[in-house]
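Accompanying notes for the structure given below.
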Amino acid sequence: MIGTINKMNDMQDEKTTIQAEQLPPKPKISDLIKLPVYILSFIFLGIIFGYLAFKVLSFGRTVEVPDMYGKSMVEAKELLTKNRLSLEIEGEDYDAIIPAGYILRQDISAGDKVKEQTNIKVILSRGTRIKSVPMLVNETLSKAETLLSQKGVKITKKIMVHSDVIEKGRIVAQKPRPDEEASDQIIVLVSLGHYDIFYYCPDFKGMSVEYVEELAEKLNLVTAIKGSGNYIMGQKPEPGNRIKAGDTIYLQTE
């Protein structure tokens, strides 16, 4: 009897063991947490690698900076947009050639290679500094410079010329004139006076004082006569020496 009971208990234990072996193992909580972490990590790494790849590719893309000198803002933006560049106004400056509102300078020279999306800074023209130029003709050079300095500009070029009309050191002509469009580029012609006319000094010895004075006037010479005689006995400079109109001839009478 007792043996039968023990045999039944052994069979029951064996059945329980077999059932336990057939049941699937219960998933651990740590395993449930790891799966989404792996997925998120994979996504994050994908984003990082994608970003790095984009930066590497972008770093290698360079474009040529266009020439924007004298271009309007609309034209400049179109040129930059084609090359995937951007525009920034850095300031303004006066210029006698480029009209107001047009591009005068750019910080990166035309033709240079830069990365896409680079910001190109430009200086816009404010046009001419002055609106009108004063009359300078017949003024002395120093007076003309003073008049222009009061307007904040200077004479940019002086051309020296001879003139039979305008006194030496005065302005013969100017550009622009008062009735022309103003410009910061002021050019003036400055008189050197009459052309120098050279002679070989005549031999005045033995000539009458009256005739010498008449001849000297025709040659535009100045005479300084010493003595009270009627005829010339000596002179300086000596005959044959090179002289020019306006020189003084020193004469000695008998």
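Which residues, counting only those in the stretch 216-233, are touching an Asp or Glu at 6+ places or on another chain (Cβ under 9 Å), in a strand (DSSP E or B) and loosely packed, with under 15 Cβ neighbours inside 10 Å? Answer for the stretch 216-233, where residues must be touching an Asp or Glu at 6+ places or on another chain (Cβ under 9 Å), in a strand (DSSP E or B) and loosely packed, with under 15 Cβ neighbours inside 10 Å: V222, M233.
Take the stretch 131-183 and flag every residue that is small (G, A, S) and in contact with a Lys or Arg (Cβ under 7 Å, 6 or more places away or on another chain). Walk me through how you get there before you give the answer.
Filtering the stretch 131-183 down to residues small (G, A, S) leaves 132, 142, 144, 149, 152, 163, 169, 173, 182-183.
Correct list: G152, A182.
Is it the case that E167 is acidic (D, E) and without any contact (Cβ under 8 Å) to a residue 24 or more places away in the chain? Against the criterion (acidic (D, E) and without any contact (Cβ under 8 Å) to a residue 24 or more places away in the chain), E167 does not qualify.
Scanning for something in contact (Cβ under 8 Å) with a residue 40 or more places away in the chain and surrounded by fewer than 14 Cβ atoms within 10 Å (Cβ to Cβ), does the stretch 199-215 turn up at least one residue? Checked against the condition, which is being in contact (Cβ under 8 Å) with a residue 40 or more places away in the chain and surrounded by fewer than 14 Cβ atoms within 10 Å (Cβ to Cβ), the stretch 199-215 yields at least one hit. Going by what's in this entry, would L147 be described as surrounded by fewer than 17 Cβ atoms within 10 Å (Cβ to Cβ) and within 30 Å of L104 (Cβ to Cβ)? Against the criterion (surrounded by fewer than 17 Cβ atoms within 10 Å (Cβ to Cβ) and within 30 Å of L104 (Cβ to Cβ)), L147 qualifies.
For beta carbons closer than 8 Å, sequence separation of 6+ or different chains, a first residue in the stretch 122-149 that is free of Cβ contacts under 8 Å to residues at least 24 places away in the same chain and a second that is open to solvent by less than 70 Å² (accessible area, probe 1.4 Å), the qualifying pairs are E145/I155; L147/P134; L147/L136; L147/E139. Of the listed requirements (1) at pLDDT 90 or above; (2) in contact with a strand residue (DSSP E or B) (Cβ under 6 Å, 6 or more places away or on another chain); (3) open to solvent by less than 80 Å² (accessible area, probe 1.4 Å), R105 misses just one: (3). Pairs meeting the criteria (first residue in the stretch 225-254 and among the aromatic types (F, W, Y), second residue assigned to a strand (DSSP E or B) and open to solvent by 70 Å² or more (accessible area, probe 1.4 Å), beta carbons under 9 Å, at least 6 apart or on different chains) are Y250/K226; Y250/K236. For the residues K131, K121, K154, the requirement of being surrounded by fewer than 17 Cβ atoms within 10 Å (Cβ to Cβ), of a type in the set (D, E, K, R) and modelled with pLDDT of 90 or more singles out K121.
The values are calculated or read from the model by the stated rules, or taken from the named source; none is laboratory data. Model, not experiment: these values are computed from the prediction. Please note: Cβ atoms are built from the backbone with ideal geometry, for glycine as well, and neighbour counts cover all protein chains shown. Please note that ligands, DNA and RNA were not included when accessible areas were found on the heavy atoms of the full protein model with its side chains. Shrake-Rupley method; radii C 1.70, N 1.55, O 1.52, S 1.80 Å.
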